[in-house]
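The values are calculated or read from the model by the stated rules, or taken from the named source; none is laboratory data. The structure displayed is predicted, hence computed values, not measured ones. All Cβ positions, glycine included, derive from the backbone under ideal geometry; neighbour counts span all protein chains shown. Accessible surface areas use protein heavy atoms only, side chains included; no ligands, DNA or RNA. Shrake-Rupley method; radii C 1.70, N 1.55, O 1.52, S 1.80 Å.
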Amino acid sequence: MKAGVLGVVDGDLSRLEPYRGGRNVDGHDLTDQIDVTSVARTADGIDINEGVAAREELATREAAAIEFDAISVESESDVVTRHTHFATIPGDLVVVENSNGLFFYDILDRAIGTSPDRVTVSLESVLSEFPDASLWKVGFYGRDSGVENGVLHGENLQDDPAFSEYLADGSFNQLGMRVTVDGEEHNLNITESGYFEIYEPRDLDTKAFLRFVRNHLQPHFS
């Protein structure tokens, strides 16, 4: 996993076990399931769980039919299955692939009585941790005049004199940046709403991804 929506746990999220549970919605028996595919420990003693979660849901659609001289329209319900890959650090972090996977929070609540909270990231604070970052994207909002919000794209935006006014007057909702950590360049994208993706190094594994989140982003969660 090299990308996902970040969440934090306020409670006792211990090592995950496989789970299968049922719900009844409008007379339909629906299933939730958690499959744990990997349990690993990092060199510094952090446990990481990876897996796949799936949920059956009802999807309503309209069905039309031509009957003699009339057209009838009725609603029909079908069972569809959503799924997401996830990774967790017990008692600490939860990551799902994207916002469509946030149903995993509710499954966790049903399975173990703990529901994560999606985080908000202070991007201004993140940027202060990496003063030498090379910025290739900046999303901003909250300016009082002129251009109130928008997204800037380019190379080395921090060196553009026009950038300084956005840095001073607005708030950030997304950052694309290249930073050097432990002598290795990382190319990443982070949003205020907690979506994070690392593009490079390309061979980054889930353990390294979560270690980066824990060490360099989690201190800036709110």
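Couple of notes before you dig in:
- At R0 = 30 Å, FRET efficiency that the Cβ-Cβ distance of N98 and S164 yields, to 0.05: 0.35
- Leading residue at positive end of dipole, region 1-96 (Cβ point charges), from I71, A53, G21: A53
- Rolling a 1.4 Å probe over the protein chains gives L58 an accessible area of about 50 Å².
- Here the contact order of region 83-160, divided by its residue count and restricted to Cα pairs under 8 Å and six or more residues apart, works out to 17 percent.
- Structure-derived log10 I(q)/I(0) by the Debye sum over Cα atoms at q = 0.07 Å⁻¹ - corresponding label in (1) -0.22; (2) -0.26; (3) -0.31: (3)
- Our estimate of slack between R20 and E184, defined as 0.36 nm per intervening residue step minus the Cα-Cα distance, is 54.9 nm.
- For D144 and D10, the FRET efficiency from 1/(1 + (r/R0)^6), where r spans their Cβ atoms and R0 equals 22 Å, is about 0.05.
- Full-extension gain in nm, I66 to T81, via 0.36 nm per residue minus C-alpha separation: 2.4 nm
- Against the chain, whose longest principal axis is taken from its Cα atoms, helix 103-112 shows a tilt of about 70°.
- The value of relative contact order for the chain, using C-alpha pairs under 8 Å at least six residues apart, is 21 percent.
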